[in-house]
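Visitor: Pasting a structure here, questions to come.
The values are calculated or read from the model by the stated rules, or taken from the named source; none is laboratory data. Please read these numbers as outputs of a predicted model, since none were measured by experiment. Neighbour counts run over all protein chains shown; Cβ positions are idealised from the backbone, glycine included. We work out accessible area using only protein heavy atoms, side chains counted, and drop any ligands, DNA or RNA first. Shrake-Rupley method; radii C 1.70, N 1.55, O 1.52, S 1.80 Å.
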Amino acid sequence: MDVVNKKWTEDYFFAERKKVLDMWPTGKDVDLDEAVEYHKNEPHSKNCALKSLQSKEKEITYLWPSLGTDTIASHKELLLHMQKKGEVDFLASYLDSLTRNCRFKEAEQELRKAKKKGKAMLNGFPIVVHGIKGCREVIDAVDLPVLFLGPSPDVRLAHEIGIAGGHTGYSGGPLISFWNYTKDIPVEKIIHNYQYSHRLMGYYEERGVPLLYCVSGAMPSISPPSLMIVPEIIEVLIAAEQGVKHIRLNAWLQGNIAQDIAYILTFKKLADEYLERLGYQDVHTTTYSTNPTGRYPTDHEQVYALNSYFTMIGRLAAVQGIGSRTIDEASHIPTKEGSAKSFRSIKVIIDMVQPQNISVRDNYSVKAEIHILEKEVKSILDKVIEMGDGDIITGTQIAIDAGVLDQPYATTQHVKGKVMGVKDSEGAARFFDLGNLPFAREIFDFHKYKIANREKQIGKKVDYETVIKDLTALSHGAILPFE
Amino acid sequence: MSNINSAKATLITGVIGEDVHVTGIRILEHALKNSGFNVHSLGIHNTQEDFIKAAVDTGADAILISSLCGHARLLVDDIRQKCTQKGLENILLYIGGQLVIHAEEWKKTERTFKKIGFNRVYQPFILPEPVIADLKGDLKIE
């Protein structure tokens, strides 16, 4: 499969589109002209892209929950509950995992059971099975903008129906789907599927409907932030080529304040820099931060504290959006009450910190992190571009084979998996193994020095035991494991 | 990290069953490679047949199975007989992870899996080092 970073022609897009709409009967109801009209008649306050821009102008931080349950009635109830009791600014339809794997028939069967039994059978909202009418029934009932989300190797039909159904944004991406959600699908196939989704968003943009795309890059597992920023910027560049104009930059925080703030600031700076360098002049980027993935405490009081902590870090870096985990998700699919309580509590942090114009950019620790992080990101990204002879998608394929793009703990079999992280004495993520990353001596030495400090702290060499303990530290409510 | 020099024994590694828990096996694979083993990883979502086929194809010395879904016993039920049928009479079989759903005495779990034909059975959160030491002993390396 020959996939390059080049805007699809209208002919190619519409030829692909025929196949996509045929994947499930609800596909035939999508009428792009009608959908563009629908969006144009919606108020600006219900558009994810426009509301994000507004947060940037006003220098405020909005709250974005992740929400999703299966039937129209229960999803509507969940969203209305969050709108009323959760003090959030956006709403979401999280896709169930069957829809994310294009298993629409099974999703339909489970949905039927859910309606019959009156209890949830799916772990999200099956956009494709519900079709445009079902989506709009939910969206017309709420006053806030709604995005849909969920990494998936093929989210094309969900894009057609989700957007025509009234959603104005999507969060997910080809690379996070590749490393963290698939085993055997070649990266170029997943990128090709996303080019379709991006071209569709571009089509709406060209007709005056702004839509928001949120890149996700890679899930963190004690990962130095360059391991997330590089794939995220690659996702940005792939989307921009297909005509996406509004992009949210998702930062996955991990708990070390200086490193997390440096992540947010460096990501924004370099995303804009690479967009400009590669000729995309009119793409609007906004920032967003959220808690790390991985094991979390089951104790609600500890989760409240962690959520508040991560919200504080995001707000210190003046992000435009914040997401959060919920108090009950470590035990089960979050309830509407659990979600509302979680967001109401972090709203307090936003309201406390937001009016304070505290500068973190000049903090010595933050500056030191930015210095090294910028070098790491540029070293990898420039190498990827060079390997692809200027084409970011060709470069991505070659770089993955070479281990220049790599991830720890990937579900896919198609990466080297040589890189691995460990925490330093202050809980920041450092490279335990740098694998084949194309770094200069200075970066090697920096990580070595930081790890040496941890070794002094624990009185032994860091080893696999340290790595395993670090991976679960947060679930005990601490940045470093208790000895 | 130092690369310990060990003979090029070939190992098949992977997770059996439908669960996507990948962290444990990735750490083990990382450590095994660094110890000089030739690691043929199957990743997540495998059946016992996948493990056996890979072992036949690569002439492997050992199969290391990780399982976290709690249904391991059903999934590996007759793996030893199947190995023998495919001509892998002498292959080492190791298993580790969350092997049963309900809490039971470890000795009992270990006995169950040894009876199935596993040479080594490991408790959850085992570190790589003892596994590597066992492999070297069982394969008579160094």
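Visitor: Set the Förster distance to 41 Å, then compute FRET efficiency between A:Lys461 and B:Arg111 from the Cβ-Cβ distance, nearest 0.05. Can you show the working numbers first?
Guide: Numbers: r = 36 Å, r/R0 = 0.88.
With a Förster radius of 41 Å, E is 0.70.
Visitor: Out of every Cα-Cα pair in the stretch B:6-126, what percent are more than 21 Å apart?
Guide: Numbers: 2332 of 7260 pairs.
Percent of Cα pairs beyond 21 Å in the stretch B:6-126: 32.
Visitor: What does the accessible area of B:Arg120 come to, in Å² to the nearest 10, when a probe of 1.4 Å is used?
Guide: 80
Visitor: Roughly how big is the B-A contact, given as buried accessible area in Å² (both sides, 1.4 Å probe, nearest 100)?
Guide: Numbers: alone 7820 and 19240 Å², together 25510 Å².
When B and A are taken together, about 1500 Å² of accessible area is lost.
Visitor: Which value in nm describes the separation of the simple spin-label points at A:Asp143 and A:Lys117, placed 7 Å from the Cα toward the beta carbon?
Guide: Going from the A:Asp143 label point to the A:Lys117 one covers 3.6 nm.
Visitor: Continuing with the same structure: Averaging over all projection directions, find the projected area of the Cα convex hull of the stretch A:380-474 and quote it in nm² with one decimal place.
Guide: 6.8
Visitor: Got a sec? What order do A:Lys367, B:Lys8, A:Lys7 fall in by accessible area at 1.4 Å, biggest, i.e. largest, first?
Guide: Working: A:Lys367 110, B:Lys8 150, A:Lys7 90 Å².
The residues order as B:Lys8, A:Lys367, A:Lys7, largest area first.
Visitor: With a Förster radius of 56 Å, plug the Cβ-Cβ distance of B:Leu127 and A:Glu206 into 1/(1 + (r/R0)^6) and report the FRET value to the nearest 0.05. Before the final figure, lay out the partial values.
Guide: Details: r = 56 Å, r/R0 = 1.00.
Once the sixth-power term is evaluated, E becomes 0.50.
Visitor: Using only DSSP helix segments of four residues or longer, with each worth -39500 (n - 2.57), what per-residue ellipticity at 222 nm results for chain A after dividing by its residue count and rounding to 500?
Guide: On the way: 18 runs with 248 residues, N = 483.
Estimated from H runs of four or more residues: -16500 deg cm²/dmol.
Visitor: Next question. Averaged per residue, what accessible area in Å² does chain A show with a 1.4 Å probe, protein chains only?
Guide: Numbers: 18460 Å² over 483 residues.
Ligands and nucleic acids excluded, the result is 38 Å² per residue.
Visitor: Along the principal axes of its C-alpha atoms, what lengths does the stretch A:78-232 span, in descending order and rounded to whole Å?
Guide: 43, 35, 32
Visitor: Per residue, how much accessible surface does the stretch B:6-126 expose to a 1.4 Å probe? Answer in Å², no decimals.
Guide: Value returned for the stretch B:6-126: 47 Å² of accessible area per residue.
Visitor: Enter the accessible area of B:Ser35 (Å², nearest 10), with the probe set to 1.4 Å and all protein chains included.
Guide: 10
Visitor: Along its three principal axes, how long is the protein assembly as shown when you only count alpha carbons? Whole Å, largest extent first please.
Guide: Taking the Cα atoms of the protein assembly as shown, the three principal extents are 74, 58, 52 Å.
Visitor: Tell me, what does the Kirkwood hydrodynamic radius of the stretch A:10-356 come to in angstroms if you use every pair of distinct C-alpha atoms? Present the calculation step by step, with values, prior to reporting the outcome.
Guide: Working: mean 1/r = 0.0500 Å⁻¹.
With all distinct Cα pairs of the stretch A:10-356 included, I get 20.0 Å.
Visitor: Further, regarding this structure: If packing is taken as the average number of other Cβ atoms within 10 Å across a peptide's residues, how do A:50-58, A:141-149, A:237-245 rank, most packed first? Mind dumping the intermediate values first?
Guide: Working: A:50-58: 17.4, A:141-149: 20.9, A:237-245: 23.3.
Order by mean packing, descending: A:237-245, A:141-149, A:50-58.
Visitor: Another question about this same structure. Indicate the residues belonging to the stretch B:100-142 that lose 10 Å² or more of solvent-accessible heavy-atom surface (probe 1.4 Å) upon moving from the chain alone to the assembly of all protein chains, ignoring ligands and nucleic acids.
Guide: By number: B:Phe125, B:Leu127, B:Pro128, B:Glu129.
Visitor: Can you give me the long-range amide H partners of A:Thr287? Hydrogens built in the peptide plane at 1.01 Å from N, cutoff under 5 Å, separation of 5 or more residues or another chain.
Guide: When sequence neighbours closer than 5 places are left aside, the close amide H contacts are A:Leu249, A:Gln320, A:Gly321.
Visitor: Could you report the accessible area of A:Ile380 in Å², rounded to 10, computed with a 1.4 Å probe on the protein chains as they sit in the structure?
Guide: A:Ile380 exposes around 0 Å² with every protein chain in place.
Visitor: Report the extension gain between A:Glu106 and A:Met23 in nm, rounded to one decimal, defined as 0.36 nm multiplied by the number of residues separating them, less their alpha carbon distance. Working shown, then result.
Guide: On the way: separation 83, 0.36 × 83 = 29.88 nm, distance 1.37 nm.
That pair, A:Glu106 and A:Met23, stretches by 28.5 nm at full extension.
Visitor: Also: At R0 = 30 Å, how high is the FRET efficiency between B:Lys82 and A:Ile185 if r is their beta carbon distance? Nearest 0.05 is fine.
Guide: Efficiency, rounded to the nearest 0.05: 0.55.
Visitor: Something else: Roughly to the nearest percent, how much of the accessible area of the stretch B:6-126 is carbon and sulfur, given a 1.4 Å probe?
Guide: Details: 2980 of 5700 Å².
Ligands and nucleic acids excluded, carbon and sulfur give 52 percent.
Visitor: Just to confirm a number: summing +1 for Lys and Arg and -1 for Asp and Glu over residues other than A:Leu122 whose beta-carbon lies under 14 angstrom from that of A:Leu122, what do you get? Show your work: numbers first, answer last.
Guide: On the way: positive: A:Arg100, A:Arg103, A:Lys105, A:Arg112, A:Lys113, A:Lys115, A:Lys116, A:Lys117, A:Lys119; negative: A:Asp70, A:Asp96, A:Glu106, A:Glu108, A:Glu110.
Value of the local net charge: +4.
Visitor: Note down the nm distance, to one decimal, between modelled labels 7 Å out along Cα→Cβ at A:Asp11 and at A:Thr293.
Guide: 4.0
Visitor: How big is the stretch A:169-271 by the Kirkwood estimate over distinct Cα pairs, in Å?
Guide: Numbers: mean 1/r = 0.0711 Å⁻¹.
Computed over Cα pairs of the stretch A:169-271, the Kirkwood hydrodynamic radius comes out at 14.1 Å.
Visitor: Tell me, how many Å apart are the Cα centres for the stretch A:1-40 and for the stretch A:354-393?
Guide: 35
Visitor: A follow-up question, please. Are there residues in the stretch B:14-56 whose accessible area shrinks by at least 30 Å² when all protein chains are included rather than the chain by itself, and which are they (probe 1.4 Å, ligands and nucleic acids not counted)?
Guide: B:Val22, B:Thr23, B:Arg26, B:Ile27, B:His30, B:Ile44
Visitor: In nm, to one decimal, how far is the modelled label at A:Ser331 from the one at B:Lys140, with both set 7 Å along Cα→Cβ?
Guide: Modelled inter-label distance: 5.5 nm.
Visitor: List, by residue number, every residue in the stretch A:174-195 with a reduction of 50 Å² or greater in accessible area between the chain on its own and the complete protein assembly, 1.4 Å probe.
Guide: A:Lys183
Visitor: Helix-only estimate, please: 222 nm mean residue ellipticity of chain B, summing -39500 (n - 2.57) across DSSP H runs of length 4 or more and dividing by its residues, to the nearest 500. It would help to have the intermediate numbers written out before the result.
Guide: Working: 6 runs with 56 residues, N = 142.
That calculation yields -11500 deg cm²/dmol at 222 nm.
Visitor: Shifting gears a bit: Probe radius 1.4 Å, ligands and nucleic acids left out: which of B:His21, A:His44, A:His167 has the largest accessible area, and how do the rest follow?
Guide: Working: B:His21 100, A:His44 135, A:His167 0 Å².
Ranked from most to least accessible, the order is A:His44, B:His21, A:His167.
Visitor: Nearest 5 percent is fine: what portion of the DSSP beta bridges confined to the stretch B:18-142 is antiparallel?
Guide: Details: 1 of 10 bridges.
Around 10 percent of the beta bridges assigned by DSSP in the stretch B:18-142 are antiparallel ones.
Visitor: Then there's this: Going by accessible area, probe 1.4 Å, with all protein chains left in place, what is the ranking of A:Asp382, B:Asp134, largest first? Working shown, then result.
Guide: Working: A:Asp382 60, B:Asp134 35 Å².
Correct descending sequence by accessible area is A:Asp382, B:Asp134.
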